[in-house]
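Please read the structure below before turning to the comments.
The values are calculated or read from the model by the stated rules, or taken from the named source; none is laboratory data. All figures in this text were calculated on a predicted structure; none of them were measured in a lab. We place every Cβ from the backbone using ideal geometry, glycine too, and count neighbours over all the protein chains shown.
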Amino acid sequence: MRWFEAVRLAFRTIRAQKLKSFFSLVGVLIGVTFLIAVVSIVTGMNRYMEDRFANGLIGLNTFLLRQRPNFTSGNVPEDVWRGWMRRPRITYGDADFVRERVRTPVTYAKFCSDRVGVSYGSKTAKDMDLVGTEPSYFKIKDYKLVAGRPFTVQEVRAGMPVVVIGQAVAEKLLVGVDPIGKDVRIGGLPYRIIGLVEPQGSLFGLSLDKFAIIPYTAPGRRMICPINVLDHLMIQADNPALMVTAMGEVEAAMRTRRHLKPGDENNFHLETSASALEGWKKVSKILITFLPMLVSISLIVGGIVIMNIMLMAVAERTREIGIRKALGARRRDILAQFVVESATLSALGALMGIGTGIVLAFVVRAVTPLPAAIAPWSIVLGVTVGVLVGVVAGVYPANRASKLDPIVALRAE
Amino acid sequence: MSEPIIRIRDLVRHYVMGSETVQALRGVSLDIQRNEYVAIMGPSGSGKSTMMNVLGCLDTPTSGEYWLNGQEVSRLTDDALARVRNKEIGFVFQTFNLLPRASALHNVELPLVYAGVGGKDRRDRAAQALQIVGLADRMHHRPNELSGGQRQRVAIARALVNSPSILLADEPTGNLDSTTSEEIMGVFRELHDKGQTVIMVTHEPDIAAHAARVVVLRDGRVEIDRLTRDVAA
């Protein structure tokens, strides 16, 4: 019997008992659903973290010149941490020195920030990110304004008390009011609102709109950083290659400025989105590593269910086996028939599981902030695993069927 | 005389049942020529079922020789026996033994599936076999949509589709009323007239009377072997 005959026969048998067949493949269905959904979510998260999270947090092709790492993964040993804290902080002078030395065309923005309250009249928006920076920051962060304008280089030079606010500030303080031209108080000092940034959405449920941006020279700058000190200098290149070049130049410039000898370690840190992603990568690796365990449990259960169903099928269809043997079916024909039937059943379960897995991934994407993207390899894996489970589960029952004595089998009721 | 289609010598078949040994066949010798129409009779326990199983290559003898169409088949492996059943033997059973969920056409196709005949050729040959037994218009019916007589005709078509050396029928009318039985016997006669070798196991004398030769078994041995006129007389 040719294999496609066996597959056709399997489909005919499965179709004849739809409900029973469905229940027997539920285990595999669930296992593959799980596989597809989790892989989709992890893949989606990966992409999301790379595209949006990292770029949203730092900026596209952007790196930061810092005193010490901001994003760390895992526990940092006490002595390492203390070493970081002893490093000199990044100063205005460092920033200007780097700007003079770097040849690669890049955009710079000095940056300082802290959490503060922003007040308007009797209302206060607590825990807003107050950012002290330069006009280039708007370009680096790709902030588009829905009203007003960003502050200018002149306003920075003059240390004007102006502020560009995020949506969350406007929604909290200025409901139904045009924010442009209004005065808010930050740390007791008045600032005039000159711009409103378009909504930035949220990341894992956390709003990205809770900020207020002022010139780093503005009157309240002491609230966020000591005079002459920066949290970091943001440096954005046009593309990843230029970013790497620029990083080399910045490192060289800083080593010169800090008078480091060739053997000395850097006493500053260049942070890219890669370091922000490191922690996530660890989590996703754990998920992907443990996934096979979770999936294999349901697949083993699914396989056992299918094996039982096939054993039942062999018992129920003893007479059919007898007829087939009388008409010339060899052992291997019967073996093939039941193995293929089991594999087909299981593969059907896997296909359904792929369907429900994709649906589940999209549902998760729709109702939670978690993103999801279907990984083609997980679909291939799902089908392969489905067929494999079916073959393994089918071998024992099929072997029993193939060994039946035709005389006894023909007599069965 | 030409080589017989079946040549059996000193056929013995023992069964071990628990501590007892049942001697179902105790040395049967028999020749059946091409295009013979033979009825094998005997009371229950005479060994006729065992005889039927051995003739049908479903069982192998404990000792003795069985030559079928020039081939010694008594010592073959299971798979080799399956080949012989597929090529040389067409079975007709008392209980029809059709696959309940398959159409008449598909049932008739089965031996061809295992013979490795595929596609259109297979369907054509199966359809042709159904036409021979007068069921061309019932091809796509399932067994439960057919009468007993029609079911047995499907079984006959299935038995014939591989052009076997022998048509082996086990109580072919056991589940049929007398009118239908006559019909089926008519089909057998026609096939025999066209040159088919027919061997029929039955315990009904009036059914056996349709055969040209009757072999009566008793206690695992051939008791009577003569032409029907003699039996009838």
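Summary table below
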quantity: Subset of region B:89-123 (residues that are at pLDDT 90 or above, under 17 Å from B:ASN144 (Cβ atoms) and at the interface with chain A (Cβ under 7 Å from one of its Cβ atoms)); calculated: B:ASN97, B:LEU99
quantity: Residues of region A:369-390 classified as not aliphatic (A, V, I, L, M) and not in a helix (DSSP H, G or I), total; calculated: 2
quantity: Test: residue in region B:80-88 that is within 14 Å of chain A (Cβ to nearest Cβ), out of contact with any helix residue (DSSP H, G or I) (no Cβ under 9 Å at 6 or more places or on another chain) and in contact (Cβ under 8 Å) with a residue 40 or more places away in the chain; calculated: yes
quantity: Residue list for region A:317-333, restricted to those being touching a Leu at 6+ places or on another chain (Cβ under 6 Å) and more than 7 Å from chain B (Cβ to nearest Cβ); calculated: A:ILE321, A:GLY322
quantity: Any hit, region A:100-121, residues being surrounded by 21 or more Cβ atoms within 10 Å (Cβ to Cβ), assigned by TED's automatic domain parsing to the domain that holds A:VAL250, assigned to a loop (DSSP other than H, G, I, E, B) and of a type in the set (Val, Ile, Thr); calculated: yes
quantity: Wholly enclosed helices (runs of 4 or more DSSP H) of region B:138-233 bearing at least 1 residues of a type in the set (A, V, I, L, M, F, W, C) and surrounded by fewer than 15 Cβ atoms within 10 Å (Cβ to Cβ); calculated: B:228-232
quantity: Among residues of region A:125-159, those that are assigned to a strand (DSSP E or B) and either free of Cβ contacts under 8 Å to residues at least 24 places away in the same chain or not assigned by TED's automatic domain parsing to the domain that holds A:TYR92 (or both), counted; calculated: 1
quantity: Residue among B:THR95, B:THR50, B:THR21 that is touching a His at 6+ places or on another chain (Cβ under 6 Å) and either crowded, with 16+ Cβ neighbours inside 10 Å or assigned to a strand (DSSP E or B) (or both); calculated: B:THR21
quantity: Elements of type strands (runs of 3 or more DSSP E) in region A:193-300, at least 1 residues being among the β-branched types (Val, Ile, Thr) and modelled with pLDDT of 90 or more; calculated: A:211-215, A:232-236
quantity: Selection status of A:ILE306, in the same structural domain as A:VAL340 (by TED's automatic domain parsing) and farther than 30 Å from A:GLY394 by Cα; calculated: no
quantity: Region B:53-78 - residue that is without any contact (Cβ under 8 Å) to a residue 60 or more places away in the chain and at positive phi and, of those, surrounded by the most Cβ atoms within 10 Å (Cβ to Cβ); calculated: B:CYS57
quantity: Residue list for region A:11-38, filter: within 29 Å of A:PRO376 (Cα to Cα), within 13 Å of chain B (Cβ to nearest Cβ) and among the aliphatic types (A, V, I, L, M); calculated: A:ILE14
quantity: Residues of region A:71-92 satisfying the condition of being in a helix (DSSP H, G or I) and within 30 Å of A:PRO190 (Cβ to Cβ); calculated: A:TYR92
quantity: Region A:324-335, subset surrounded by fewer than 24 Cβ atoms within 10 Å (Cβ to Cβ) and touching a residue at least 40 places away in the same chain (Cβ under 8 Å), residue farthest from B:ALA82 (Cα to Cα); calculated: A:LEU335
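The rows are residues; the columns are (1) crowded, with 23+ Cβ neighbours inside 10 Å; (2) within 14 Å of chain B (Cβ to nearest Cβ); (3) within 26 Å of A:ASP405 (Cα to Cα).
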residue: A:VAL301; (1), (2), (3): no, no, no
residue: A:LEU311; (1), (2), (3): no, no, yes
residue: A:ALA315; (1), (2), (3): no, no, yes
residue: A:GLY353; (1), (2), (3): yes, no, no
residue: A:GLY357; (1), (2), (3): yes, no, no
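Every residue, every condition in (1) in contact with a Pro (Cβ under 9 Å, 6 or more places away or on another chain); (2) farther than 30 Å from A:ASN266 by Cβ; (3) hydroxyl-bearing (Ser, Thr, Tyr), yes or no:
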residue	(1), (2), (3)
A:TYR92	no, no, yes
A:GLU100	no, no, no
A:LEU130	no, no, no
A:LYS141	no, no, no
A:GLY148	yes, yes, no
A:VAL153	yes, yes, no
A:GLY159	yes, yes, no
A:VAL175	no, yes, no
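Condition check ((1) of a type in the set (Phe, Trp, Tyr); (2) in contact (Cβ under 8 Å) with a residue 12 or more places away in the chain) across all residues:
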residue: A:TYR216; (1), (2): yes, yes
residue: A:ARG221; (1), (2): no, yes
residue: A:ILE227; (1), (2): no, no
residue: A:GLU249; (1), (2): no, yes
residue: A:ALA252; (1), (2): no, yes
residue: A:HIS269; (1), (2): no, yes
residue: A:LEU277; (1), (2): no, yes
